[in-house]
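Below is one structure; the comments refer to it alone.
The values are calculated or read from the model by the stated rules, or taken from the named source; none is laboratory data. What you are looking at is a predicted structure, and each value in this text was computed from that prediction instead of being measured. When we count neighbours, we look across all protein chains shown, and the Cβ atoms used for this are built from the backbone with ideal geometry, even at glycine.
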């Protein structure tokens, strides 16, 4: 789907028309991965010269290659299978670094996120959230891969029940954690290189 | 053949299906969805709110009316004929979805005995929308003013009060008791509250280490300090300056927010603790304190934008004050409202959704202990239960219902699971991406 078509669709579609919006989203996903999928097909073929060029392209399209590679059938050759998983892992790690970089920028944003319109109708109004609080929770999702969904929900609720000052303490200690500094250091190192 | 391999024929549009002869001839599953509206979230309350807003904000008033269940279905053309009002908060609607091969009947009820009846009905999908009462369980009644309906109820074994499904001891703000003015039983200092699977502290993250025993007088004093601190906040120069700019702002807590604090008298606590010992004023009860901050919410009536004033000290730090909580008896089995508790209910309904606030944390674990749920799990039967992960608003029920009725593939019999999966994904998407960008989710836990 072309860029202009997407814009036009978004302009005309009813926001409640979930079916159309879903099909639009599906189309965008299919189109954006189409080229990488073709490259994966060539990589899986027998032409060595094409295979090499396809590999080069797939490494360089970064995150766009992740899903097409993951959906590719198992390659008969061991070195290609190893290359595939290395490429995917590298692309995912790269994406994590990019997300971390964005998070780092908004961890200082103390603007309060506006609450819901009908807050009066709840027994216990939702705790106020600042942009940095949401960033902290996103940071948890990014770093604590050992946390189950239920544990994350419990921790997020506990964090939300804290006062701003208490939350700031958590954010501060998370920023000094090794997992975070490693991720950020990598990112800064990459920037310096550029 | 595997479930996913079966591709039922799709038809384009299922609305107005009674005119479709194919629909009439097909053998459709009859599905009953029961929306149990708890205390304070009933259609008549929404209607009252809409009437109050009629002049000030007519658009919002119209939105409230259109969003009521089952009226919201008519707006989306998901009814075969206009919904019927049977009086006393009882509404019905019907919808036939040819693609799903299902004839839906939607019932809105507001009584506790009906809620229990449908929980035991194997054909029903029961959705409770209302207060979680800090985890004590669904709560029913017509009168939203102070009174017993907020706890035990005036007719506890019939139609009002709590349907208990909570932990044995639950931490509830003192403010909740003195604001809603209900009789309750607090956990005496001799009670073993720290045992496994016994205790639920509110809000999330309250520490067990903070549990202490207090005399009622100490709790009353702590509550007085909190209310005085709030009043002082209202007198502060910075608040007055801010208020001058935003005259329609009203007070809000950061959590535990009961907006009518000014009507609440801390000394009333003595009256409402049923098991207090008047002859022994030094008798102690379990409780704890959790610091809160004060925030003032302001909504610009023209733009609809919401802004907050966060009360700060003269040093520029966010001001906080401890809020007292008291542990109440809130068991789910053999309670003072038996048989209106989950222990005395043979939960047979096909789907149960508890859409109160943070019910995943507050009620999911309890439901795991009940014999009927254990049976569900052992038999790996076709039953499903869903909970919420955060403060819940009325819209999730609407989204849930609309998405379930909208689903355009077969959902009868064994296909129900697929339909529910679609419903939950779409509901969460809508909550997250809708105009209010809700943080919480509806999640499946059984």
Failed criterion for residue A:71 (all others in (1) under 23 Å from the mean Cα position of the chain (by Cα); (2) more than 22 Å from residue A:98 (Cβ to Cβ); (3) surrounded by 14 or more Cβ atoms within 10 Å (Cβ to Cβ) hold): (3)
Looking at region B:274-292, which of its residues are surrounded by 20 or more Cβ atoms within 10 Å (Cβ to Cβ), touching a helix residue (DSSP H, G or I) at 6+ places or on another chain (Cβ under 9 Å) and more than 14 Å from every other protein chain (Cβ to nearest Cβ)? B:285, B:287
With the condition kept exactly as written, say whether any residue in region A:97-113 is in the same structural domain as residue A:184 (by TED's automatic domain parsing), free of Cβ contacts under 8 Å to residues at least 12 places away in the same chain and touching a strand residue (DSSP E or B) at 6+ places or on another chain (Cβ under 7 Å). no
Given (1) at pLDDT 90 or above; (2) at negative phi; (3) surrounded by fewer than 24 Cβ atoms within 10 Å (Cβ to Cβ); (4) in contact with a helix residue (DSSP H, G or I) (Cβ under 8 Å, 6 or more places away or on another chain), identify the lone condition not met by residue B:155. (4)
Restricting the search to region B:50-64, which residues are part of a helix (DSSP H, G or I) and more than 14 Å from residue B:395 (Cβ to Cβ)? B:50, B:51, B:52, B:53, B:58, B:59, B:61, B:62
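Could you tell me whether residue A:62 is surrounded by 14 or more Cβ atoms within 10 Å (Cβ to Cβ), within 27 Å of residue A:9 (Cβ to Cβ) and out of contact with any strand residue (DSSP E or B) (no Cβ under 6 Å at 6 or more places or on another chain)?
Criteria met by residue A:62.
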Which residue is nearest to residue A:111 (Cα to Cα), if the candidates are limited to region A:136-159 and must be away from chain B (no Cβ under 12 Å) and in a helix (DSSP H, G or I)? A:136
One residue is enough: does region B:38-45 have a residue meeting the conditions more than 12 Å from chain A (Cβ to nearest Cβ), at negative phi and at pLDDT below 55? no
Restricting to region B:99-134, what's the tally of residues that are at positive phi and assigned to a loop (DSSP other than H, G, I, E, B)? 2
Qualifying position, being outside the structural domain of residue B:113 (by TED's automatic domain parsing), at pLDDT 85 or above and in a helix (DSSP H, G or I), among B:270, B:325: B:270
Looking at B:438, B:361, which is the one that is at pLDDT 75 or above and in the same structural domain as residue B:47 (by TED's automatic domain parsing)? B:361
Filter result (free of Cβ contacts under 8 Å to residues at least 12 places away in the same chain and outside any helix (DSSP H, G or I)) within region B:65-88: B:82, B:84, B:85, B:86, B:87
Please indicate, with yes or no, whether at least one residue in region A:108-129 is assigned to a helix (DSSP H, G or I), modelled with pLDDT of 85 or more and either more than 7 Å from chain B (Cβ to nearest Cβ) or within 20 Å of residue B:131 (Cα to Cα) (or both). no
Taking region A:135-167 and keeping residues surrounded by fewer than 17 Cβ atoms within 10 Å (Cβ to Cβ) and over 22 Å from the mean Cα position of the chain (by Cα) leaves A:158, A:165, A:166
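State whether one or more residues within region A:6-26 are over 30 Å from residue B:398 (Cα atoms), in a helix (DSSP H, G or I) and more than 14 Å from chain B (Cβ to nearest Cβ).
No; the residues of region A:6-26 include none that is over 30 Å from residue B:398 (Cα atoms), in a helix (DSSP H, G or I) and more than 14 Å from chain B (Cβ to nearest Cβ).
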The lone exception for residue B:347 - which of (1) over 20 Å from the mean Cα position of the chain (by Cα); (2) outside any strand (DSSP E or B) it fails: (1)
Odd one out for residue B:137 among (1) part of a helix (DSSP H, G or I); (2) buried (at least 24 other Cβ atoms within 10 Å of the Cβ): (1)
From the options B:397, B:391, residue that is buried (at least 18 other Cβ atoms within 10 Å of the Cβ), under 30 Å from residue B:55 (Cβ atoms) and at pLDDT 85 or above: B:397
Failed item in (1) more than 14 Å from every other protein chain (Cβ to nearest Cβ); (2) at pLDDT 90 or above; (3) within 18 Å of the chain's Cα centre (by Cα), with residue B:96 passing the rest: (3)
Condition check for residue B:209: part of a helix (DSSP H, G or I) and free of Cβ contacts under 8 Å to residues at least 24 places away in the same chain: yes
Among the residues that make up region B:378-392, is at least one of them in a helix (DSSP H, G or I) and within 14 Å of chain A (Cβ to nearest Cβ)? no
Select from region B:400-433 the residues that are at the interface with chain A (Cβ under 10 Å from one of its Cβ atoms) and under 20 Å from residue B:65 (Cα atoms) and write down the one among them that is surrounded by the fewest Cβ atoms within 10 Å (Cβ to Cβ). B:430
Within region B:344-362, is there a residue that is out of contact with any strand residue (DSSP E or B) (no Cβ under 9 Å at 6 or more places or on another chain) and within 14 Å of chain A (Cβ to nearest Cβ)? no
Of residues in region A:161-172 being assigned to a helix (DSSP H, G or I) and touching a strand residue (DSSP E or B) at 6+ places or on another chain (Cβ under 7 Å), the one farthest from residue B:360 (Cα to Cα): A:165
